[in-house]
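Okay, so here's the structure we're looking at.
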Amino acid sequence: MKNRVNSLWTLFQERRLSRRTFMKSCIALTAILGLPPTMLDSVVKAAETTELPTVIWLHGHECTGCSEAFIRSSSPFTSDVILNMISLEYDDTLAAASGEPLEEHLHKIITEKSGKYILAVEGGVPLDDDGVYCTVGGRTFKESLKECAKGAAAIIEYGSCASWGGIQAAKPNPTNTVSVSSVVSGKPIIKVPGCPPIPEVMTGVVMHYALFGQIPPLDSQGRPKQFYGNRIHDTCYRRAFFDSGLFVEKFDDDASKAGWCLYKVGCRGPQTYNSCGNLRWWNGLSYPIQSGHGCIGCSEKGFWDNDVFYKRLPDIPLANTITTADTVGTVAAFTATGAVIVHGAATLARNKYNDIQEEKRLKEQGLWDEAKHNNGGRH
Amino acid sequence: MLIHTDKKAYVVFSLWLRIFHWTMVLSVTALFWTGLYIGDPGFAAITGQVEPTFAIDGWFSMEMMRRIHFYAGFILTFSFIFRIAGAIWNRGDRLLPRFNQKRYWYGLRETTLHYLMIPQKHEHHWLRNSLARTAYAAVYVLFFCEIVTGFAMYAMIEPNGILGTIFAPVISLMGGEYNVHIIHHYIAWCFLFFTIIHVYMAFREDVMEESGEVSSMVSGMKYYAHDPIDIEDLNGKRRRGERIDKPSFTTYRPSDPNDPREKELQDE
C-alpha cells in the first residue's frame, strides 16, 4: 500500500470491486461533476492516479445547516465521500473525537500536510470585538481560520455565510460578520453559496478538486460555473407558465394548485444562480419551486436583506414606509398631471389679466385703436 | 407662417436629432408600458378563460411583452448612441448646461421665477433655458442608467458570455442582480414625470412665445424676433461687445449684419 498512490482506483481494488464497477462510478462522477461525457477519459485517469486529498472542515458563525445538507448527499453518498474518497481529518461536528485531542490532531495535520490539504469552511467570520462572537475550542474563529488557511492548498466556502457573510450579516450586521474571502487572501477560493447549498453540489465540488487536483472553473463571483452557471429561472420547469403569462396570484388560488409560475408572489428565481432547477434536492426529489414556494434566492449575495420574499416589488426602503414604487409613481404621475393643468390654467389667467390691464392702459392713453391696427387686427 | 412674419427663423435641430428624438419617444413609450407589465404581469389572468396550452400565443403573454421590451430597448440604445454622436457635429444638438458660465446660473433663477409667474423686469429669450438644459442632461444620465441596468439583466441570460462578463462587475457594484431590477424599475418612473412636464412645457412655450417650440422637433426651426441670449451655442460666435460670462441684460444687440438672413429681413 505504501508505495502505491492512495487513489480511487486503489480503493476499488482494495474492496475487490471490478474494473467495470469502477468505470460505472467514473461515468456517474462525470455526470455529477457537471462535466460533458467527453471528459470521461480525464475523470478515469484522475481517479486512477490522483491521491485522495486531506480535508479540514471548519465551522464558524453559522447554523450547521450546510453540514445537515452535506450528510444527505446521495450521489455520491456522503459516507462514501468522507470515509473513502477524501480523508476528512477534522470536522468538529462530525468527528467522533472531541475536546483537546481533536484540536491537537488539527494542529498535527496542518503542520504535517501543510500546503496539501483542502480547507472547507462553513460559516461567516465575525470581526467586531476581535471576533469574540464565535469561538471554537476557546479560540476565536477568526484566529483559527487564519491559522488553518495559511497552509491550505485551496479553500472551499460552503454556504452563504462563508461565501457572503450570511444571515448574521443582515443589516445592521451587529457582529460585523464577513465572508471567509474577506479575511483570507492569496489562496484559490471556491464559493459554494446556498442556504444550504445543494448536497450534490457540495460533494461535487470537493470531488472535483479531489480528482483533478485543481479548482473547477469559476465565474466572475468565484462560484463553480458548472453548478452556478444558470439562473434558476432559466432552468425552472415552471418557466413555460412565466412565458405564457400565467401566474399564481395567491398561495391558495387555483393557479397555485395548477402549478403556475410563482413570479408574482415574489419568486427570486429570475435573479438567482444555482442548480436547483436541474439537479434538484434530495436525489432529484424536488426543490422549493416544485413544492409550490417561490425561490428566496438563498445563494445570492445579500439575499437576507431583499425581503419581503413574497412580493415581486418590495416596499420603498425607507423607515415606516409600506408602499411600493408603483403606487408612489402612479400617485405622483396624477399629481404631476394635475399640477401641469393648474399651472397651464394659471398661465392663461395671468395672460388674460395682463391683456385686460394693457387694454385699459392703452384706452386711457387713447392709443387703443392705433395698437389694434398695428397688430394687424390680431389681439 | 403668418404668425412668424416679424421673426427670424433659426435652424436649431438637425434632421438626425429629430429622427432619433421620435424613435426615442416611441421606444420609451413601449419600454415603459411593457416594463410595467413585466414588473406586475397578469393581463392573461385578468382577461380570463386562458387555455394554458395556447396562452403563449396571446398578445399579453409575458413572452410577447418581453420581446417588445427587448426590441424597444435595442432601438432606444441605438437612438441614444446615434443622438449623442450627432451632437458631436451639430451645435444645435448639444445645448448642454454650461455650468462654467454665469449666464447659466442667472438663467436658472430667471426661468424658475418665470415659471412661478413672478414678474421680472427683463426676461430673455433662450434657445434653451437653463432649467431645460439641466433637465435634458439629467434625462440622458437616466437613459444611460436604464440602458446599463437593462443590459446587465439581459446579459445574464448567458452569465459566462461576453455581455455577461462585461456586466457582472456592474451588477456586483450595484449590490446584486435583485437591486439592479429595483433600480431599473425606480428610474423608469422618472421618465413618466419627465414626459408629462416636458410635453407641457413645450406646448406652453409654443402658445406663449409663438416660437414654434412644438413644430421645432419636426421642422428643426425656431422663431425669434431677436437673437436669443445663448445664440452663440448655435453659431459659435460671441455677440459683439459682450463677454460671455457677463451678458448685458438690458438691451439686445442686433445680430451679425453680414448674416444673409439678416439682410433679407432688412430688405423686406
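Amide H to amide H distances under 5 Å link residue A:35 with no residue, where only residues 5 or more positions off or on other chains count and H is placed in the peptide plane. For chain A, the longest principal axis of the C-alpha atoms and the axis of helix A:199-212 are separated by about 60°.
Could you pull out every one of the aspartates and glutamates with an alpha carbon less than 19 Å from that of residue A:363, ignoring same-chain neighbours closer than 8 positions? Correct list for residue A:363: A:355. Before anything else, pin down the relative contact order of the stretch B:90-147: Cα pairs under 8 Å, at least 6 apart, normalised by residue count, whole percent. Computed value for the stretch B:90-147: 40 percent relative contact order. Per residue, the average separation of C-alpha pairs within less than 8 Å and at least 6 apart gives chain A a relative contact order of 13 percent. Compute the long axis of helix A:325-365 from its Cα atoms, compare it with the longest principal axis of the Cα atoms of chain A, and write down the angle in degrees, 0 to 90, nearest 10. Rounded to the nearest ten degrees, it is 20. Counting, for every residue in A:242-255, the Cβ atoms of other protein chains within 10 Å of its Cβ and taking the mean gives 5.
Please list log₁₀ I(q)/I(0) at q = 0.09, 0.11, 0.13 Å⁻¹ for the stretch B:4-161, using the Debye equation with identical point scatterers on the alpha-carbon positions. Ignoring solvent entirely, the Cα scatterers give -0.48, -0.66, -0.81. One Cα centroid belongs to the stretch A:133-171, the other to the stretch A:87-126; the line between them spans 13 Å. Between the helical axis of A:99-112 and the longest alpha-carbon principal axis of chain A there is an angle of about 90 degrees. Taking amide H as placed 1.01 Å from N in the peptide plane, residue A:120 has its amide H under 5 Å from the amide H of A:56, A:57, A:58, A:156, each at least 5 places away in sequence or on another chain.
Candidates A:276, A:266, A:255 compared by Cα position along the dipole of the stretch A:230-313: farthest toward the positive end lies A:276, with charges placed on Cβ.
When the Kirkwood hydrodynamic radius is evaluated over all pairs of different C-alpha atoms of the stretch A:325-374, what value in angstrom, to one decimal, is obtained? Don't jump to the answer; show the numbers that get you there.
Numbers: mean 1/r = 0.0737 Å⁻¹.
Hydrodynamic radius (Kirkwood, Cα only) of the stretch A:325-374 equals 13.6 Å.
Rounded to the nearest 0.05, the FRET efficiency derived from the C-beta distance between residue A:307 and residue B:118 at R0 = 51 Å is 0.60. Quick check: from the Cα gyration tensor, does the stretch A:230-313 come out rounded (a/c under 1.5), prolate or oblate? It is oblate, given that a/c is not under 1.5 and a/b is not larger than b/c. In this structure, the residue pairs whose Cα-Cα separation is over 18 Å, taken from A:108/A:150; A:146/A:225; A:372/B:222; A:171/A:191, are A:146/A:225; A:372/B:222; A:171/A:191.
When peptides A:300-306, A:273-279, A:192-198, A:172-178 are ranked by their average number of other Cβ atoms within 10 Å per residue, the highest-first order is A:192-198, A:273-279, A:300-306, A:172-178. Shown here for the stretch A:228-259: chymotrypsin sites (Phe, Trp or Tyr not before Pro) in loop regions (DSSP other than H, G, I, E, B) with at most 16 other Cβ atoms within 10 Å, namely A:237, A:251. Short to long, the 10 Å bins of the Cα pair-distance histogram for the protein assembly as shown hold 3, 12, 19, 17, 14, 12, 9, 7, 4, 2, 1, 0, 0 percent of all pairs. Entry note, the stretch A:53-226: relative contact order of 25 percent, from Cα contacts under 8 Å with a spacing of 6+ residues. Rounded to the nearest 20 debye, the dipole size of the stretch A:53-226 about its Cα centre is 580 debye, using +1 on the Cβ of Lys and Arg and -1 on the Cβ of Asp and Glu. Dipole magnitude for chain A: about 1100 debye, using +1 per Lys or Arg Cβ and -1 per Asp or Glu Cβ, origin at the Cα centre. When the inverse distances between all different Cα atoms of the stretch A:1-51 are averaged and flipped, the Kirkwood radius reads 11.2 angstrom.
Taking every DSSP bridge with both residues inside the protein assembly as shown, close to 45 percent are antiparallel.
Quick note: the coordinates plus some simple rules give every number you see, no bench work behind them. Worth saying up front: this structure is predicted, and the values here are computed from it rather than measured. Note: ideal-geometry Cβ built from the backbone for every residue, glycine included; neighbour counts use all protein chains shown.
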